[in-house]
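Read the figures in this text as sums done on the coordinates, not as results from a lab. The shown structure was predicted, so the numbers you read here are calculated from the model rather than taken from an experiment. Cβ placement follows ideal geometry from the backbone for every residue including glycine, while neighbour counts extend to all protein chains displayed.
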Amino acid sequence: MPHAGGAGYIGSRVAARLLACGMTVHATRRAGDDEAVVAVLNRLPGAAHRLRWFGAEPAGQGSLDAAVAGCRWVLHKAGRGFEWCDVIEAGVV
């Protein structure tokens, strides 16, 4: 399940919970994200095989395509960035 802002306050907690539930997580990150948070998430059980990071800027056309490719669900927690939703056919949660 991809979600934008995987290293942020909410995103990091969502990523940790999804990993704990056994899900594969595609998380996006931006320049300037807290590397300590990323390091903690990378050390969680299952992260080595089920956590993938993608660089993305929500306002950039097509910048989230790689993160959502092949995913069944998308969790979007921000107030904007829906211009890329047309690439998602499986569903938006």
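Once you have the Cα-Cα distance between residue 73 and residue 23, take 0.36 nm times their residue separation minus that, and quote the gain in nm to one decimal.
On the way: separation 50, 0.36 × 50 = 18.00 nm, distance 1.10 nm.
That works out to 16.9 nm of additional length.
Enumerate the calculated ³J(HN,Hα) couplings along segment 28-43 in order (Karplus 6.51 cos²θ - 1.76 cosθ + 1.60, θ = phi - 60°), each rounded to whole Hz, writing x wherever the residue is Gly or Pro.
9, 9, 10, 4, x, 4, 5, 5, 5, 5, 4, 4, 4, 4, 5, 8
Go ahead and run the numbers for FRET between residue 50 and residue 13, Cβ-Cβ distance against an R0 of 22 Å, rounding to 0.05. The partial results should precede the final answer.
On the way: r = 16 Å, r/R0 = 0.74.
Computed FRET efficiency for residue 50 and residue 13 comes out at 0.85.
How long is the gain from residue 57 to residue 35 if the chain were fully straight, where each residue apart is worth 0.36 nm and the alpha carbon distance is subtracted? Mind dumping the intermediate values first?
Numbers: separation 22, 0.36 × 22 = 7.92 nm, distance 1.72 nm.
Result for the pair: 6.2 nm of gain on full extension.
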